[in-house]
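Data block below; observations after.
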C-alpha cells in the first residue's frame, strides 16, 4: 500500500468536534441525548449582523476579496483594537482568516521551524498541541491546577523558557477552564517576557465574555512587547457567529507577511459575505452582546452551585468564557456491573451511554482529573444534565 503523510498520521482529530458529531448522530437516531460539548453560544446571531450579510449578497459582494481581507473590514479591526485594547496597527499588520483557529495556525506556521519550542499551559485548548505538531515545533507544557485558579506564575514561565523557545502561546479568557488573568497577573508575566527574545501569540477570542467585573487586558499593549506580540481574535464567540468563520490576527509586519503568503496558497480570502457581516459586528453597538454575557454569568452561577452540591465533585468558579472545568477524579475506580471508571474518558463514555449526557474528557485538554461542560445551552438543559449526572453517579459502587 502507498504510504501516507507521516506528519498528518501524527495529528489527532479534534475531540470536541468528533464528540459533537457523535451526539448529532445519536440525536438523529432518536436517542435522548443532551450535549454539553460544543464551544459555541446558543444565542442567535444578532439581527443587524444578518441584515448586513443579506445586504452584501444583494449588492453582489460575492467575489474574491484581497487575501488579507477587504479594506473596510481591516479598518474596522484596526479601530476595534485601538478602542478596546490600546493596540495600534496599520492594514499591513492585519490578516483576516477563516476563524481564529485558522489565524493561530497561520501565525504559528509563519513563526516556527522544526526543533523550536512553543510554551503554553495546561489545561489548554484542544487544538494547540496538534497545530504545534504541524509546525514541526515541540510543545512545552506548564501544568496548572484548580488551587492556583488554573494560572501559571512568572517563576513557572521563566523556568520553561530555553534557548530553543520561539513562542509563548497565551490564552485569556481560557478555554477550557474559564480562567481570566488580571492586568496585574499579566504584567507580572511580562516582566519575564521583556527579558526574553521570544514571540507571544495571544489568543483572545473570549475577550468580551468575562464576569464579576473582570476586565480583559491585552498583553500586546505592553510597550516593550508590541513588536513581539501577535494578537488573535474573531467574532465567533462574542457575536454568536461560529459558523460565519471569521478570525483575525494582528502584529509584526514581517510575521504577518509570511502568514499572508501561507493563506494565499491554502484558503485565499475568508468568505466575502462573512467579512461584510463582521464589519457590522465590529462597528455597530448592540445591547444583545451585553445581554448574552449577563445570561452566561447567571448560568455560570447556577451550574457551579449545582455541581458543587454533588458529593465528590469540585468545580472552580470560572471568570470568563462559557465552560466549567470540574474535577471528577474521586469517582475513578468506581464501577457498575459493566463499567469501570478509570479516567476522564471512561467517565464521559459512561455518562453518555448510561445517562445520555455528553461532556468532553479533560485528558484532551491536558488534565485527566477533570471534564469540560459547556453551559452554552438553556437552563432546562443544564438542570436536566445536572440531574442525570446525579443519577449516573448514584449507580457507581
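Descriptive notes on the structure:
- Selection within the range 146-157 - surrounded by 15 or more Cβ atoms within 10 Å (Cβ to Cβ) and modelled with pLDDT under 95: 146, 149
Here is a yes/no grid of residues against (1) assigned by TED's automatic domain parsing to the domain that holds residue 205; (2) under 24 Å from the mean Cα position of the chain (by Cα):
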{"site": "255", "(1), (2)": "yes, yes"}
{"site": "260", "(1), (2)": "yes, yes"}
{"site": "263", "(1), (2)": "yes, yes"}
{"site": "279", "(1), (2)": "yes, yes"}
{"site": "308", "(1), (2)": "no, no"}
{"site": "316", "(1), (2)": "no, yes"}
{"site": "321", "(1), (2)": "no, yes"}
{"site": "342", "(1), (2)": "no, no"}
{"site": "356", "(1), (2)": "no, no"}
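- Of all residues making up the range 53-78, the number that are surrounded by fewer than 22 Cβ atoms within 10 Å (Cβ to Cβ) and within 23 Å of the chain's Cα centre (by Cα): 2
- Filter result (surrounded by fewer than 24 Cβ atoms within 10 Å (Cβ to Cβ) and over 22 Å from residue 138 (Cα atoms)) within the range 158-192: 182, 183, 184, 185, 186, 187, 188, 190, 191
- Residue check for residue 212: out of contact with any strand residue (DSSP E or B) (no Cβ under 8 Å at 6 or more places or on another chain), assigned by TED's automatic domain parsing to the domain that holds residue 99 and in a loop (DSSP other than H, G, I, E, B): yes
- Residues in the range 125-134 that are closer than 21 Å to residue 204 by Cβ and either surrounded by fewer than 20 Cβ atoms within 10 Å (Cβ to Cβ) or under 15 Å from the mean Cα position of the chain (by Cα) (or both): 125, 126, 127, 128, 129, 130, 131.
- Residues located in the range 20-46, provided they are in contact (Cβ under 8 Å) with a residue 60 or more places away in the chain and exposed (fewer than 15 other Cβ atoms within 10 Å of the Cβ): 31, 32, 44
- Residues being over 26 Å from residue 272 (Cβ atoms) and without any contact (Cβ under 8 Å) to a residue 60 or more places away in the chain are represented in the range 91-112 by at least one member.
- Residue 392 fulfils the conditions (1) touching a residue at least 40 places away in the same chain (Cβ under 8 Å); (2) closer than 21 Å to residue 298 by Cα except for a single criterion, (2).
- Wholly within the range 227-344, strands (runs of 3 or more DSSP E) carrying at least 3 residues that are farther than 30 Å from residue 393 by Cβ and in contact with a strand residue (DSSP E or B) (Cβ under 7 Å, 6 or more places away or on another chain): 229-234, 247-250
- In the condition set (1) surrounded by 13 or more Cβ atoms within 10 Å (Cβ to Cβ); (2) assigned by TED's automatic domain parsing to the domain that holds residue 352; (3) touching a residue at least 40 places away in the same chain (Cβ under 8 Å), residue 17 is compliant with all but (3).
- Here is the figure for the range 133-161: residues that are more than 24 Å from residue 374 (Cβ to Cβ), in contact (Cβ under 8 Å) with a residue 40 or more places away in the chain and in contact with a strand residue (DSSP E or B) (Cβ under 6 Å, 6 or more places away or on another chain) total 1.
The values are calculated or read from the model by the stated rules, or taken from the named source; none is laboratory data. Quantities reported herein were computed from a predicted structural model and do not represent experimental measurements. Reconstructed Cβ throughout: ideal geometry from the backbone, glycine too, with neighbour counts over all protein chains shown.
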